[in-house]
Structures are given as C-alpha cells and as structure tokens.
Ligand code: GLN
C-alpha cells in the first residue's frame, strides 16, 4: 500500500498560501489596460527542486503575462551570447533605488543603471541577435521556452494594449538610443520588449525557469543546458541587487533570495543550488511587486530558514579519523572539501608531514573537492618531499578520482 503522507514541501506551500490569502491590499496593474482584466483573487505558488521535482499549490496552472519577470531571462540570453564585457558596455549593474519605469541613466556613461528596470531591459532586448523585432523575439521566445521546458504563447491582447500605451517606454528607449546604449532602433527594441513582456506563463513555468538559474543554467526538468554557468551566476547576481526595484535592499534582508517581480503579478525566486520558486497573485503594492507574492516568499524564507545567507551551523570537520597503520598515519578525509575544509586540513595535517614517517591523505570518503584546491592536494606529495631516509612524507589515496574530476 502506498504511504498516505502529503509531501512536506506541498504542506509547506499550502501553508504559505493560507498566510497570503487574507491579504487583499494593493491593486491590479491597469496602466496597461488589458492587465486589469485578470482575476485579482488568483493565488498560486510552485517550487521546483534542482533535481527537477515539481511541487504545485493553488493556482499554479493559471496563465498570466510574464512582464518584467522576463528581464533576467533575456539578460541571461544576452550574457550567454555576448559575455559580460560586451553587455555592460550597454547597460550597468548598479541598483537604481528607483521605480521600474524611472528615467535612470548613469550620469557619466549614459547607460541605464541596470537590466532589471525598463530602460535597461529594452537595451538588453536590443542586444539579442536579429535585425528585426520579429527576428529578435524569435530568439527570445525560443530562449524563454528552453528555460520553461515547454512551448509558450504570446497574449496578443496584452501585447496590443502594451503597444498602444507604451509611450513612456518609447521615451526611455529614445534616451538610451541618444546615449549610444540601445543596440537597435527604438521601434525594433520596444516591439521585441513588448512581445517578451506579453508571453503567457504560469507559476509553475516561473518555478522551472528559476530552477534553471538555480542549477547554473541546466533546466532540471528537460536536462537541457540553456545558458552557461557564468551567465546563470551573473544573472542571479543582478537579481540579488536589483530584482525588486526600489525594494531590493529590504527584500534581501527579509527574504534573502535573488528574485524578480513583474506587473502581471508573478515573482521568481532562486535558491542557488537548491530550488526555484514561482508565485502568482495579481494585486501589486506601490512598487509594482505582488503583495501576496512578497508575503508568501517572506513567510517561506522566515519559517523555513531559506535566506541564502542564513548561518547553517558549524561545518563538519573534513578529517574523519587519524589512525596509525603499518608505521604510517592515515588521515581519513570525508564529505565536501571547499575553502574552509581545505584550510582545516592544511592547518591540522601539515605539521604531521615530518621526518617521523608518512602521512596518508585518504580521499576515499570525499564526495567533492573545490576546483581551487584539487591541484594543490594532488601536488602535496611533491611539495613535502621525502624523509631523510628516502620515504615519501605524504601519499594521496584517491580511488574514485575526486581530485581529477573537472
Ligand atoms: N511591460 C511592463 C512595462 O514595461 C513591464 C513592467 C513590470 O513588469 N514591472 O511597463
């Protein structure tokens, strides 16, 4: 008989839905008239682990337009295509502390301050390959689909509505053009951007897209590499500092997850290496962030200690046991060895590599070693040399080759 147990993650998600449901403050965006037609009561959350397990609660299947949540993903595509140096010739990386539609250009360089506000996002879209808006959008749509792991459609009514009310965005694009930041004509850049904002997604799509950033660029549900690890890390970093507009600093203290919101009511949040979350609830606060989405992520983070900088306790020592065996001292190492563990190994074990015999560094129970220290461990026997009687002072035992893995 199958076990009758609700998955604890689902219980958790249901409980944060309950926390958010009573909140009715805020208002659905109506500056793009078509957005005002959504059901304000919709409420959904989805969490996708870095293994690709999907957990859905509430209205996680209801479609809404992605709006500004598209910005980090299009940034990731631009970074993947051009690299950081080229992209930052056109757009900065500094938090603006201003609303999403602010006239926000660096006084010296004329670049929009960052790619998460509209001015910077249109510049990012202009950098995507293609001479026309259709060509650029085809690349963008294909990229968003690979992030989501399924085909997506454009909400044409929202697109028309956005196009017919988009003069402020055109004005921002003209300013970026005047400073040499925009890499296409205003018409091309804005049309590509309006279409990208009008792509319909669900909270589950957003969670999968966020999980793709959490894994370092591989969609965990399709196993396809969508962008490089560098592009994923750079994008997540920009979300950390700029994703919630002029609420980004408070957000980082209260929630502590790289995130991005959109006026369609969606929010994505990333816990690097662990999971991605997508939330949906259309009523927005005065900064354009979903009221209930923010509440759900705050509750999740606080109740379950998800802040990415939360202290996880003292790490386990990487030195499992030290024993004498046939005149040698065997140091059995274990677990994951990154900076702190490597530092402990060298501090504690270097004094044992002396003239009295041989120290064996046994990596049999080590699961992973940080890139920076692999070579150093491999080199230890050469570095410490031989005893005066010609015996090696150190031997490295690594039956599974954890020191060789790329
Ligand atoms: N399409 C919207 C705009 O440009 C996106 C804004 C947002 O989601 N914050 O105004």
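In the chain, the DSSP beta bridges split such that about 75 percent are antiparallel, to the nearest 5. Based on DSSP H segments of at least four residues, each scored -39500 (n - 2.57), the chain has a per-residue ellipticity at 222 nm of -12500 deg cm²/dmol.
Counting beta carbons within 10 Å around each of 344, 286 and listing the fewest first gives the order 286, 344.
Between the C-alpha center of region 360-395 and that of region 248-310 there is a gap of 44 Å. Contact order for region 84-208, expressed relative to its length and based on alpha carbon pairs under 8 Å spaced 6+ residues apart, stands at 30 percent. Could you tell me whether the chain comes out rounded, prolate or oblate from its Cα gyration tensor? Rule is a ≥ b ≥ c as square roots of the eigenvalues, rounded for a/c under 1.5, then prolate if a/b exceeds b/c, otherwise oblate. Verdict is prolate for the chain.
Normalised by the number of residues in region 183-290, the mean separation of alpha-carbon contacts (under 8 Å, six or more apart) gives a relative contact order of 28 percent. Report note on the peptides 47-58, 390-401: ranked by the mean count of other C-beta atoms within 10 Å, highest first, their order is 47-58, 390-401.
With both labels modelled 7 Å from their Cα along Cα-to-Cβ, the residue 164 to residue 250 distance reads 3.6 nm. By the beta-carbon count within 10 Å of each Cβ, the least crowded to most crowded order of 358, 197, 242, fewest first, is 358, 242, 197. Note on the chain: with a GNM built from Cα contacts shorter than 10 Å, the maximum mean-square fluctuation among 295, 259, 341 falls on 341.
Comparing mean-square fluctuations of 74, 199, 253 from a GNM of the chain with C-alpha springs under 10 Å, the top value falls on 253. Across 93, 175, 23, mean-square fluctuation computed from a Gaussian network of the chain (C-alpha pairs under 10 Å connected) peaks at 23. Tell me, what is the percent relative contact order of the chain, built from C-alpha pairs under 8 Å that lie six or more residues apart? Worked out over the chain, it gives 18 percent. For a modelled paramagnetic label at residue 233, 7 Å from Cα along Cα-to-Cβ, the residues of region 64-98 in reach, with backbone nitrogen under 13 Å, are 84. Ranked by how many other Cβ atoms sit within 10 Å of their own Cβ, fewest first, the residues 71, 302 fall in the order 302, 71. Of the peptides 369-381, 104-116, the order by per-residue mean of other Cβ atoms within 10 Å, starting with the highest, comes out as 104-116, 369-381.
Rg and Dmax over the alpha-carbon atoms of region 332-390 stand at 11.9, 35 Å.
Once the Cβ-Cβ distance of residue 171 and residue 21 is raised to the sixth power relative to R0 = 30 Å, the FRET efficiency obtained is 0.20. To the nearest 10 degrees, how steeply does helix 118-127 sit against the main Cα axis of the chain, on a 0 to 90 scale? On a 0 to 90 degree scale, this one is about 70. A prolate overall shape is assigned to region 238-312, the ratio a/c of its alpha-carbon gyration tensor axes (a ≥ b ≥ c) being 1.5 or greater and a/b exceeding b/c. Each part gets one Cα centre, and for region 28-90 versus region 187-246 those centres are 7 Å apart.
Between the beta carbons of residue 129 and residue 321, assuming R0 = 51 Å, the FRET efficiency works out to 0.35 to the nearest 0.05.
Here, each number is a calculation from the coordinates, and none is a lab measurement. Every value quoted in this text rests on a predicted model; they were computed, and no experiment measured them. We place every Cβ from the backbone using ideal geometry, glycine too, and count neighbours over all the protein chains shown.
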